[in-house]
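Worksheet for the structure shown next.
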Amino acid sequence: QVQLVESGGGLVQPGGSLRLSCAASGFTFTNYAMYWYRQAPGKERELVATISSNGGSTHYGDSMKGRFTISRDNAKNAVYLQMNSLRPEDTAVYYCKRSGSTYWGRGTQVTVSS
């Protein structure tokens, strides 16, 4: 079955950077697009970024463009989210998700605060 384990979150100051990782298993990773979502307290879950199955196409939410970069390593069954110029409003639990699946992992907490 689909398993996704997010890691790399933490506490960072405004303007700082973090790199999130997602380890995937239980499916043929190279067949699926992957997503990063986030959910802030009291808010709806929000799509952060999308990457195609071969990594050739990416898309970002408007507030992430130019600051976040999604990538994947199909040899390692992993997807990443490089986050730069972090803002307090980026504070949320971040989740990776496989296209066509309803499975959600536990996520990783990102807190941006001075």
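Coordinate-derived values only; no laboratory data. For clarity, every value in this text was computed on a predicted model and none was experimentally measured. Neighbour counts run over all protein chains shown; Cβ positions are idealised from the backbone, glycine included.
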Among Tyr94, Ser7, Ala24 - extreme Cα towards positive end, dipole of the chain, charges at beta-carbon: Ala24
For the pair Asn84/Thr102, report the inter-label distance in nm, with labels modelled 7 Å from Cα in the Cβ direction. 3.9
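Could you work out the relative contact order of the chain? I mean the mean sequence separation of Cα pairs under 8 Å and 6+ apart, divided by the number of residues, in percent.
Once normalised by length, the contact order is 36 percent.
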Quick calc, Thr111 & Ser57: beta-carbon distance into FRET formula, R0 30 Å, rounding 0.05, result 0.50
Which shape class, rounded, prolate or oblate, goes with the chain when its Cα gyration tensor gives a ≥ b ≥ c as root eigenvalues, a/c under 1.5 marks rounded, and past that a/b bigger than b/c marks prolate? prolate
